[in-house]
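FYI, it's all coordinate maths here, none of it is from the lab. Quantities reported herein were computed from a predicted structural model and do not represent experimental measurements. A quick note on method: Cβ atoms are made from the backbone with ideal geometry, for glycine too, and the neighbour counts reach across all protein chains shown.
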Amino acid sequence: MRRGVIVLAALSQLEQEQYGYSLIKELNDKGFEVGQDTLYPLLRRLEEQELLDSEWRVEDPRPRRYYVLNDTGRELLKQLKSEWRDQVEVIKEIIK
Amino acid sequence: MKIDVKARELLDRYLLGVRRHLSGKDREDIAKEIESHIFDTLEERFPGLDEITVVNLEEIFREMGAPRKVAWQYRSQQSLIGPRFFPIYVIVARILVAVVVGAILLSSVIATAVGEPQSFWHVLGSFLGSAWSGALSAFGVVTLIFAGIERAVGDKSWEEMEDFEDLKEMNEYKASELPELPQREKKFDRVETIFEIIFGMIGLAFLTYIQTSGGAFPVRTGAGEGRQFIQVLTDNYLPLIPFAMGITGLELARSITLFVQGHHSSVTNWWHIATQITNVILMGFTLNAMPIISLEKLNAAWLNVNIANLDGAANTIISILIGLGIVGTIIEVSIKTYRELKEPSY
């Protein structure tokens, strides 16, 4: 279940552009534990699926690769959010 | 944040290890991103640190694990044998192949000692044939078994593989297992590879032409006269043309593979070594087949040069060139084999 949620969690934080480490930190700070071994390959896959755009930016002190949602990614995020809310309601109903 | 010389070297070795377990055009980019992540982690973990040392770096590496583990996360599709099982697969394959070849050697020695007397070359040829097929079968069986295990375990992450404690330990970071930095790593040159492909195609076309023309070339013998086909290559050389075509084809296929994958790898390097060795053997057969060209008819019809024993002189020059080619290729193959064994590419 967690594997599917990671995509939603990552996409939801990429409306503003972020580099890998800042995204890991932001997710971890919000209580969603994710490591570099999961997140970086996931970002690559999402980019391959043309959901994200990325670019290398040379900033002090070193180059970093920044990722941001594109239109397709935004559309998918909207859809995933809606599906997630529906499922939460269903589960709430089942377990109450 | 500065990094001391030893830590920089350790980082470069770690990243080289990761790159060697990656394939595809993105591997340099992935390694660069991992490097960027390591520096971000160091900055966060050791704020105010003037200079990164090996101790700081190893703390991060221990959390990340062995380079193959890091690289494995990036695989786009399931490998035949993924990095989780690769270390143990290599050990098992080496042991089994060594045992099989050793057993075949022993049986060959016993068969030679107690059987009918045979020539040395016959015994050697028989042993090499049996050893090759035995080693290949052993290697194939081990590969199939591990490919089956890989699929049985499926998409489990490293953390989920609790039943494989020893395997998990093998994939932990160990400085001693990091590859040494190569002194001279051959860079992939796209233009050079394009030229290799073009020359390979021209070579293949030329060999196909002389194969179909029977070693004859069209010559216009005089003004107003038509073209006449004159055989320049002797019948001694013609049986060798299919082998030359095979080697050229193999080298052309290697150049195309190199162009597509965009970097030198163990496969393309060993492929090159194998075709070069085959080329040396073919050059040996060509020397043995001398004379391979006959210029007398061509001279009479077109060249009109006054050289006594033109064929003898031409074949001597070709023999010298082939001899030099054999020596040069053997030196090149020896250097490349040594380099590939000492600093293997991936």
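Miscellaneous remarks
- Being within 14 Å of chain A (Cβ to nearest Cβ) and in a helix (DSSP H, G or I) is a property that does not hold for B:Val99.
- Restricting the stretch A:1-30 to residues that are under 18 Å from A:Trp84 (Cα atoms) and among the small types (Gly, Ala, Ser), the residue that is farthest from the other protein chains (Cβ to nearest Cβ): A:Ser12
- Residue check, B:Arg254 closer than 30 Å to B:Leu16 by Cβ, without any contact (Cβ under 8 Å) to a residue 40 or more places away in the chain and charged (D, E, K, R): yes
- Within this structure, B:Arg20 passes the test of being touching a Phe, Trp or Tyr at 6+ places or on another chain (Cβ under 8 Å), basic (Lys, Arg) and closer than 18 Å to B:Ala66 by Cα.
- The stretch A:35-56 - residue that is surrounded by 15 or more Cβ atoms within 10 Å (Cβ to Cβ) and more than 12 Å from chain B (Cβ to nearest Cβ) and, of those, farthest from the chain's Cα centre (by Cα): A:Asp53
- Exclusive hit being β-branched (Val, Ile, Thr), farther than 22 Å from B:Gly203 by Cβ and in a helix (DSSP H, G or I), set B:Thr337, B:Thr248: B:Thr337
- Scope the stretch B:23-60; condition within 11 Å of chain A (Cβ to nearest Cβ) and touching a residue at least 60 places away in the same chain (Cβ under 8 Å); matching residues: B:Gly24
- B:Gly82 meets each of the listed conditions (1) within 21 Å of A:Leu42 (Cα to Cα); (2) away from chain A (no Cβ under 12 Å); (3) part of a helix (DSSP H, G or I) apart from (3).
- Screening B:Lys6 against (1) more than 13 Å from B:Pro179 (Cβ to Cβ); (2) within 12 Å of chain A (Cβ to nearest Cβ) leaves a single unmet condition, (2).
- Of all residues making up the stretch B:107-144, the number that are surrounded by fewer than 14 Cβ atoms within 10 Å (Cβ to Cβ) and of a type in the set (Val, Ile, Thr): 4
- Scanning the stretch B:285-337 for residues that are under 14 Å from B:Asn236 (Cα atoms) and loosely packed, with under 11 Cβ neighbours inside 10 Å yields a count of 1.
- Taking the listed residues B:Ala7, B:Ala98, the one that is touching a residue at least 12 places away in the same chain (Cβ under 8 Å) and of a type outside the set (S, T, N, Q) is B:Ala7, with no other qualifying.
- Within the stretch A:57-85, residues that are touching a residue at least 24 places away in the same chain (Cβ under 8 Å) and within 14 Å of another protein chain (Cβ to nearest Cβ) have Cβ atoms under 8 Å from residues that are surrounded by fewer than 13 Cβ atoms within 10 Å (Cβ to Cβ) and of a type outside the set (A, V, I, L, M, F, W, C) in these pairs: A:Arg64/A:Arg57; A:Arg65/A:Glu55; A:Arg65/A:Arg57; A:Tyr66/A:Glu55; A:Tyr66/A:Arg57, counting only partners at least 6 apart in sequence or on another chain.
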